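Everything on this sheet refers to the single structure shown next.
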Amino acid sequence: MALTRREFIKTSTLGAAGFCLASRLRAETGLKIKIGACDWSFQESCNPDGFDAAKALGMDGLEISSTDEAKDVLKIADPEFQAAYKTAMDRTGLAIPSIALGLMNSYPLASDDRGPAWLEQTIAAAAALNAKVILIAFFSDGDLLEKAGLFGLGGGTLKEKELDVVVERLKVAAPKAAEAGVILGLENTLSAAQNLSILERVQHDAVRVYYDVGNSTYNDYDVPAEIRDLGDRICQIHFKDGANNLGEGQVDMNAVAKAMKDIHYEGWVVLETAIREQNRDASFRKNIDFVKSMFKTA
């Protein structure tokens, strides 16, 4: 039975007690967010030891990969692998905000028969690791648009048959995610309006949008307007701007910050930013400082 919006939000709020860990950042900068990074961008893909480096740079956590190995049982479902992450979290005090099903770019949810089982495995793993969001990726082979542009980005017409399969599989997975206190976040090349149409078809608050300000900017979408249109249907946000540092490229970060404040966004900003001059730590430190400056209060 599907939860009502009010019931799901109440459940999610109770399950998000870990957000209190942001008190230090809030006291220092007035941030209403926590800062993390994608483990693949941070060059620590599927590596629990990467949490130590993330802590040293002042992050609150890492979004981890569910591996790109298209096996019937994903590595993230292995209790020993989960235990290594739990040890890393205990050691550093950092959290896992989300688990990314990036392998669905090559093995799409719409067409791979293993997709529903992978969702179930990752939902269970997310619950075990206290991760509140699963990123379901729809790029490359999994793109839901025909004629996607360079790097899987760009406009086009909807792949209606594939979309129908995705909607049905999400309808099955959503109640299981809700029971586990997990949100399924859709990251794709679609517009906000197209994503809202999917959410209306699924009709469950455990399915929301994982918004990426870089992807949407390079798709020529009106990012501030989309953030406001999506509102609380955004479960998490990626920050990036192509090969640029934040604030130095095409993404209007001032407008992004205002739109996020307008919708009262509270949660994670996850950096998927580029490494400049082959210096990972300096690059991420600069972008972390930039995000902190975005949300300072007077």
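Of all the listed residues (ASP141, ASP113), the sole one being in a helix (DSSP H, G or I) and either without any contact (Cβ under 8 Å) to a residue 60 or more places away in the chain or not hydroxyl-bearing (Ser, Thr, Tyr) (or both) is ASP141. Candidates LEU199, LEU230, LEU186, LEU190: the one that is under 14 Å from the mean Cα position of the chain (by Cα), surrounded by 18 or more Cβ atoms within 10 Å (Cβ to Cβ) and more than 20 Å from LEU62 (Cβ to Cβ) is LEU186.
Taking region 49-60 as the range and being farther than 19 Å from LYS286 by Cβ and under 18 Å from the mean Cα position of the chain (by Cα) as the test, only PHE51 passes. Do we have any residue at all in region 287-296 that's surrounded by fewer than 17 Cβ atoms within 10 Å (Cβ to Cβ), touching a Gly at 6+ places or on another chain (Cβ under 6 Å) and over 27 Å from ALA180 (Cβ atoms)? Yes, region 287-296 contains a residue that is surrounded by fewer than 17 Cβ atoms within 10 Å (Cβ to Cβ), touching a Gly at 6+ places or on another chain (Cβ under 6 Å) and over 27 Å from ALA180 (Cβ atoms). Taking the criterion of being aromatic (Phe, Trp, Tyr) and without any contact (Cβ under 8 Å) to a residue 60 or more places away in the chain, the only residue of region 254-298 that qualifies is PHE290. Counting only helices (runs of 4 or more DSSP H) that sit completely within region 210-298, those holding 1 or more residues that are of a type in the set (Asp, Glu) correspond to 223-230, 253-262, 280-294. Residues that are touching a helix residue (DSSP H, G or I) at 6+ places or on another chain (Cβ under 6 Å) and part of a helix (DSSP H, G or I) were ranked within region 53-84; the one that is surrounded by the fewest Cβ atoms within 10 Å (Cβ to Cβ) is PHE81.
Note on region 140-152: residues that are at pLDDT 50 or above and buried (at least 18 other Cβ atoms within 10 Å of the Cβ) amount to 4. The conditions of being of a type in the set (S, T, N, Q), in contact (Cβ under 8 Å) with a residue 12 or more places away in the chain and at negative phi are met by GLN121.
The values are calculated or read from the model by the stated rules, or taken from the named source; none is laboratory data. Because the structure is a prediction, the values reported are computed rather than measured. Counting neighbours? That spans all protein chains shown, and the Cβs are built from the backbone with ideal geometry, glycine included.
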